[in-house]
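To start, the structure itself, in structure tokens.
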Amino acid sequence: MDPILTYSLNQKDYTFLGKGDLEKQVPVLKKKYLYFHNFAGKPVTEIFGDSLNTSHFLSANSFASGVFYNLGNGRFSFKPFPAMAQSAPLFAFGLMDYYKGLLAGGNFYGVIPYEGRYDADWGDILALNKRGGFDWLSPVKTGFCLRGEVRDIKTLKTSLGPLYVVAFNNQEIRFFRQDTKHVQSLRTAYSN
């Protein structure tokens, strides 16, 4: 079974991928739709007809990053992160005592040209507020500035205070330390 990513418009589902990319998954479409203009604007029900198994449709109503709070008895409450932390997918989180919150990083470059890279996140400090949500702190003000595809954030406890270790995809590991005003870059400790 192969998933087909779609988007909805006016109560109809359309393929996210174009004809060329979809044919790589389903080669039979090359013969059914010889020309791009024959494929364009067709909903998935028309493209796949009876071969489409609609009993396995899954939908997502939000792609927001956030936190689920456990309310007990199998109930959860979702709090999305502030809008500034929604600019790209987040893959790594670390705890930060100073702001009683989270360090976060992400981005994703392994996409097809049709989508474009998800590279708008520069690192986030998310300070827990009294409402149970988070306040976003600018990387420019905090010094926690990350460029690249962040894949992990860990905290190392040292005699000089915590070190925040950030691992990137295909880049060197970077260390950050905390002072009373902001998080600042310590040094690059490892290079490929």
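Tabulated values for the structure
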{"quantity": "Qualifying position, being touching a Phe, Trp or Tyr at 6+ places or on another chain (Cβ under 7 Å), under 27 Å from residue 145 (Cα atoms) and surrounded by 10 or more Cβ atoms within 10 Å (Cβ to Cβ), among 18, 106", "calculated": "106"}
{"quantity": "Cβ-Cβ under 9 Å pairs, at least 6 apart or on other chains, segment 153-170 side on the phi > 0 side of the Ramachandran plot, far side among the charged types (D, E, K, R) and assigned to a strand (DSSP E or B)", "calculated": "161/177"}
{"quantity": "Matching entry among 95, 90, 34, 102 (being more than 19 Å from the chain's Cα centre (by Cα), of a type in the set (A, V, I, L, M) and on the phi < 0 side of the Ramachandran plot)", "calculated": "34"}
{"quantity": "Members of segment 15-56 that are of a type in the set (D, E, K, R) and over 17 Å from residue 113 (Cα atoms)", "calculated": "30, 31, 32, 42, 46, 50"}
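Since every read-out is calculated from the coordinates, none of them should be taken as a lab result. Everything quoted here is computed from the prediction, not taken from an experiment. When we count neighbours, we look across all protein chains shown, and the Cβ atoms used for this are built from the backbone with ideal geometry, even at glycine.
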